[in-house]
Amino acid sequence: MSVKIGVPSKGRLMEDAFKWFGLKGLKAVHGGLEREYSGTLDGILNVELVMLSAGEIPRELSVGRIHFGITGMDLVREKLGLWDRRVVETVKLEFGHADLVIAVPSFWVDVNTLDDLDAAAAAFRRRHGFRLRIATKYHRLVREFLRNHGVADYQLVDSQGATEGAVKNETAEAIADITTTGVTLRANHLKILEDGVVLKSQAMMYRALCAETSDEDKATLNELLMRFKQN
Amino acid sequence: MQNRAAIRKEALRLRSLFEKKGAQPVETDILQPAAALLDLYGEDIRARAFVTVDSQKGELMLRPDFTVPVAQMHMEHGAESACYTYAGEVFRRQNECRDRPIEYFQVGIELFHIGNPAYADARVFSSIYSMLGNLRLKPAIGDIGILMSAVEGLSTINRRKRALMRHIWRPGRFRTLLDRYSGRMPVPNSRAELLASKDPMSNAGQVIGLRTASEITERIEALREDAATKPLPEHVIELLDEILEVGGKPEASLKRLREIELDMPVIVPAVDGLEKRLEAIENCGIDLNALVFEASYGRTQMEYYDGFVFGFYSERHSEMPPVASGGRYDALTRRLGRGRMVPAVGGVIRPGLTLELEREG
């Protein structure tokens, strides 16, 4: 056995994760061929890097197939019910910053807060005969947020990509999506509600609570924890 | 894990007791069309019910309760007086409390009764009361209709009343609205700027989506009307708070409401209704002192109830969900009946819990 760390398998997240390991004195090394989805950490034995899609890392953590995993807070909180009973947030990684926000058309000059959105949704339903549609792929997070803020008469419609275009395409009246700079939102004639930030997310090193760990692994795990938390 | 067969047997025994009291047994589909439930409860129901998809019938929901399908059936076919009973499984997601079962039996009664509502309330309540007799449960009763009548009778514009009524089951949002209407909470800057602007739509940006510019203009008009409306006086807010705080022995609570109504006569008919209901319950041979009254009872979980509400709790097991619960849902029948309405009251017992308590003795 060895201690397994789930690492995003491509793109900016992977590059930043590798850089972060470097800063901790743990150079990440791709196994064998450049394209192989596994690797090791130089400077510590008994550790295996498992390259996975960032979206699959929460599930792998929750069932304990990996001991650690790097992924976005948004993905863990969206995909895992009672997430804090299954994983621990170990270290904030200070990259992959993104906010999950509720956005509406900029020309809705009367809607700037959740309070306005709720009132607009009630009037919309009376006029159009169906609940105001919010396009998103973050169903759980958005529903909990809107419930906690007492917004009613809306419905969530699933959108797995190009969500910012949903209003223009008339498949939704508003959206809830991840944004970093807000440029894409503005380009699609949308604005963020003043109190519409659902979650301020970033990449996080998670530890699985139910992963099987041998004695040897325990020692490795503790050393890793120490190295991760060192500045 | 309890024996399922034993629970089913207990469910059928309880149902036969309802039948003896004149209820007609009915069955409903386990897979319910999701659209009707979503329209009634809103998106929140997805967090509490299991949804599945059929390529022909679209989204379906595993029956989260019997009341909606039974009321639906009644409003489609009868819409007269009738009394039904049922027994079967309901399915609830338990995202927050994973120790609670996600499927369990309910046995219930639904009474559609044109005429004396106090009699109907007492009949449903006393049927359930008598069936739980020896389990040493604490019955709680409430009446959301008193708060509703207070809101209905406020001296303010209709739009404000409608907004408060819409959020009567969401105490947080209800409070925010009251704070705004009373002037306790200032108007957000963005709204103040909007209202100060002569032509708010001038730099609005590109028009996209189904919500039209005229809908926005209409809402701005509504906001202007609201801004020109006198704030709700402080003493009215205090009276609403006093209503929400009424609780204790039913007779003392009634007396307290009679005091409040001197300053808020609009609630008199609702308080009269409570008095008649208490009399009717007493006439069924139930000692009112054994009940607890809470004016705001069930305000967060029992959203389609709009009058009498009740629940039976185990005092020894405070973590246990109510063993039985129910209430009046006139407005639900109006929505399901597309305008037609039949006054209705109902309640359910959970045979899994009654058995568990019986075994303890």
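Among the residues of the range B:165-179, count how many are assigned to a loop (DSSP other than H, G, I, E, B) and within 9 Å of chain A (Cβ to nearest Cβ).
Quick first cut of the range B:165-179, residues assigned to a loop (DSSP other than H, G, I, E, B) only: B:167-170.
Then drop every residue that is not within 9 Å of chain A (Cβ to nearest Cβ), which leaves B:167, B:170.
The number of residues fulfilling the criteria is 2.
Restricting to the range B:198-216, count the residues that are on the phi > 0 side of the Ramachandran plot and surrounded by fewer than 16 Cβ atoms within 10 Å (Cβ to Cβ).
Filtering the range B:198-216 for residues on the phi > 0 side of the Ramachandran plot gives B:205, B:209.
Now narrow it down to the ones that are surrounded by fewer than 16 Cβ atoms within 10 Å (Cβ to Cβ): B:205.
Total satisfying the criteria: 1.
Quick one: would you say A:Leu114 is of a type outside the set (Gly, Ala, Ser) and under 24 Å from the mean Cα position of the chain (by Cα)? Break it down into steps so the answer makes sense when it comes.
Numbers: of a type outside the set (Gly, Ala, Ser): yes; under 24 Å from the mean Cα position of the chain (by Cα): yes.
Here the answer is yes, as A:Leu114 does meet what is asked.
Here's a check for you: in the range A:31-64, which residue that is assigned to a loop (DSSP other than H, G, I, E, B) and in contact with a strand residue (DSSP E or B) (Cβ under 7 Å, 6 or more places away or on another chain) is surrounded by the most Cβ atoms within 10 Å (Cβ to Cβ)?
Going residue by residue through the range A:31-64, those that are assigned to a loop (DSSP other than H, G, I, E, B) are A:31-37, A:42-46, A:53-56, A:63-64.
Now drop any that are not in contact with a strand residue (DSSP E or B) (Cβ under 7 Å, 6 or more places away or on another chain), which leaves A:31, A:36-37, A:42, A:46, A:54, A:64.
On the way: A:Gly31: 13, A:Glu36: 10, A:Tyr37: 15, A:Asp42: 13, A:Asn46: 17, A:Ala54: 23, A:Gly64: 16.
Among those residues, the one meeting the criterion is A:Ala54.
Per-residue answers, yes or no, for (1) over 26 Å from B:Asp263 (Cα atoms); (2) crowded, with 18+ Cβ neighbours inside 10 Å; (3) of a type outside the set (Val, Ile, Thr):
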position	(1), (2), (3)
B:Pro139	yes, yes, yes
B:Gly142	no, yes, yes
B:Ile146	no, yes, no
B:Gly153	no, no, yes
B:Ala192	yes, no, yes
B:Ala196	yes, no, yes
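Which one of these does A:Ala219 not meet: (1) free of Cβ contacts under 8 Å to residues at least 60 places away in the same chain; (2) farther than 30 Å from A:Trp108 by Cβ; (3) buried (at least 17 other Cβ atoms within 10 Å of the Cβ)?
(3)
For the range B:82-128, how many residues meet the condition of being outside any loop (DSSP other than H, G, I, E, B) and not hydroxyl-bearing (Ser, Thr, Tyr)?
Pass one, the range B:82-128, residues outside any loop (DSSP other than H, G, I, E, B): B:82-91, B:103-112, B:117-128.
Adding the requirement that they be not hydroxyl-bearing (Ser, Thr, Tyr) leaves B:82-83, B:87-91, B:103, B:105-112, B:117-118, B:120-125, B:128.
Result for the range B:82-128: 25.
Those residues that are surrounded by 12 or more Cβ atoms within 10 Å (Cβ to Cβ), of a type in the set (D, E, K, R) and within 14 Å of chain A (Cβ to nearest Cβ), I need them from the range B:217-262; list them, please.
Answer for the range B:217-262, where residues must be surrounded by 12 or more Cβ atoms within 10 Å (Cβ to Cβ), of a type in the set (D, E, K, R) and within 14 Å of chain A (Cβ to nearest Cβ): B:Glu218, B:Arg219, B:Arg224, B:Glu225, B:Asp226.
Considering each residue of the range B:180-222, count those that are in a loop (DSSP other than H, G, I, E, B) and among the basic types (Lys, Arg), and give that number. Working first, answer last.
From the range B:180-222, those in a loop (DSSP other than H, G, I, E, B) are B:182-188, B:197-212; that's our starting set.
Cutting the leftovers down to among the basic types (Lys, Arg) gives us B:184, B:198, B:211.
The number of residues fulfilling the criteria is 3.
Report, ordered by the first and then the second residue, all pairs with beta carbons closer than 7 Å, sequence separation of six or more or different chains, a first member in the range A:21-32 that is closer than 14 Å to A:Met226 by Cβ and touching a residue at least 24 places away in the same chain (Cβ under 8 Å), and a second member that is in a loop (DSSP other than H, G, I, E, B) and not β-branched (Val, Ile, Thr).
Short answer, once both residue conditions are applied: A:Lys24/A:Gln230; A:Gly25/A:Gly43; A:Leu26/A:Asp42; A:Leu26/A:Gly43.
Does B:Ser126 satisfy the criteria of being of a type in the set (S, T, N, Q), under 20 Å from the mean Cα position of the chain (by Cα) and within 30 Å of B:Gly361 (Cβ to Cβ)?
Working: of a type in the set (S, T, N, Q): yes; under 20 Å from the mean Cα position of the chain (by Cα): yes; within 30 Å of B:Gly361 (Cβ to Cβ): yes.
Taking the combined requirement at face value, the residue satisfies it.
Go through the range A:84-100 and give me each residue that's surrounded by 18 or more Cβ atoms within 10 Å (Cβ to Cβ) and more than 15 Å from A:Lys200 (Cα to Cα).
Filtering the range A:84-100 for residues surrounded by 18 or more Cβ atoms within 10 Å (Cβ to Cβ) gives A:86-87, A:91, A:93, A:96, A:98-100.
Correct list: A:Arg86, A:Val87, A:Val91.
Can you tell me which residue among A:Phe130, A:Phe124, A:Phe145 is surrounded by fewer than 15 Cβ atoms within 10 Å (Cβ to Cβ), hydrophobic (A, V, I, L, M, F, W, C) and either at pLDDT 95 or above or more than 22 Å from the chain's Cα centre (by Cα) (or both)? Explain how you work it out, then say what you get.
Numbers: A:Phe124 fails: surrounded by fewer than 15 Cβ atoms within 10 Å (Cβ to Cβ); A:Phe145 fails: surrounded by fewer than 15 Cβ atoms within 10 Å (Cβ to Cβ).
Result of the check over A:Phe130, A:Phe124, A:Phe145: A:Phe130.
Checking A:Thr213 against (1) of a type in the set (Val, Ile, Thr); (2) farther than 23 Å from B:Glu43 by Cβ; (3) outside any loop (DSSP other than H, G, I, E, B): exactly one of these is not met. Which one?
Here A:Thr213 meets the rest and fails (3).
Just to be sure I understand, how many residues within the range A:79-109 are of a type outside the set (Gly, Ala, Ser) and within 22 Å of A:Val183 (Cα to Cα)?
Filtering the range A:79-109 down to residues of a type outside the set (Gly, Ala, Ser) leaves A:79-80, A:82-95, A:97, A:99-102, A:104-105, A:107-109.
Now narrow it down to the ones that are within 22 Å of A:Val183 (Cα to Cα): A:94-95, A:97, A:99-102, A:104-105, A:107-109.
Counting residues in the range A:79-109 that are of a type outside the set (Gly, Ala, Ser) and within 22 Å of A:Val183 (Cα to Cα) gives 12.
Tell me which of these A:Thr180 doesn't satisfy, since it passes every other one: (1) buried (at least 19 other Cβ atoms within 10 Å of the Cβ); (2) away from chain B (no Cβ under 11 Å); (3) in contact (Cβ under 8 Å) with a residue 40 or more places away in the chain.
So the condition that A:Thr180 fails would be (1).
Give me the residue from the range A:148-175 that is within 12 Å of chain B (Cβ to nearest Cβ) and small (Gly, Ala, Ser) and, out of that set, farthest from B:Thr176 (Cα to Cα).
Pass one, the range A:148-175, residues within 12 Å of chain B (Cβ to nearest Cβ): A:148-158, A:164-175.
Imposing the further condition that a residue be small (Gly, Ala, Ser) reduces the set to A:150, A:152, A:165-166, A:172, A:174.
Numbers: A:Gly150: 10, A:Ala152: 14, A:Gly165: 33, A:Ala166: 31, A:Ala172: 27, A:Ala174: 23 Å.
The residue in question is A:Gly165.
The rows are residues; the columns are (1) under 21 Å from B:Leu332 (Cβ atoms); (2) loosely packed, with under 15 Cβ neighbours inside 10 Å; (3) modelled with pLDDT of 90 or more.
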{"site": "B:Ile7", "(1), (2), (3)": "no, no, yes"}
{"site": "B:Phe18", "(1), (2), (3)": "yes, no, yes"}
{"site": "B:Pro33", "(1), (2), (3)": "yes, no, yes"}
{"site": "B:Gln56", "(1), (2), (3)": "no, yes, yes"}
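Being assigned to a loop (DSSP other than H, G, I, E, B) and either over 30 Å from B:Leu288 (Cα atoms) or free of Cβ contacts under 8 Å to residues at least 24 places away in the same chain (or both), is that true of even one residue in the range B:129-141? Spell out how you get there, then give the answer.
Just the residues of the range B:129-141 that are assigned to a loop (DSSP other than H, G, I, E, B), to begin with: B:132, B:136.
Right, trim to either over 30 Å from B:Leu288 (Cα atoms) or free of Cβ contacts under 8 Å to residues at least 24 places away in the same chain (or both) and you get none.
The answer is no; no qualifying residue exists.
With the requirement that a residue be farther than 17 Å from A:Ala121 by Cα and aliphatic (A, V, I, L, M), what does the range B:162-190 give you?
Once the filter is applied, which keeps residues that are farther than 17 Å from A:Ala121 by Cα and aliphatic (A, V, I, L, M), the range B:162-190 yields B:Leu178, B:Met185, B:Val187.
Of all the residues that make up the range A:186-195, how many are more than 9 Å from chain B (Cβ to nearest Cβ) and crowded, with 20+ Cβ neighbours inside 10 Å?
Residues in the range A:186-195 being more than 9 Å from chain B (Cβ to nearest Cβ) and crowded, with 20+ Cβ neighbours inside 10 Å: 1 in total.
Only one residue in A:Phe145, A:Phe124 is among the aromatic types (Phe, Trp, Tyr), in a helix (DSSP H, G or I) and more than 8 Å from chain B (Cβ to nearest Cβ). Which one? If you could, list the steps in order and put the result at the bottom.
Numbers: A:Phe124 fails: more than 8 Å from chain B (Cβ to nearest Cβ).
Answer to the check: A:Phe145.
The values are calculated or read from the model by the stated rules, or taken from the named source; none is laboratory data. Computed from a predicted structure; not experimentally measured. Cβ sites come from the backbone with ideal geometry, for glycine too, and all protein chains shown count toward neighbours.
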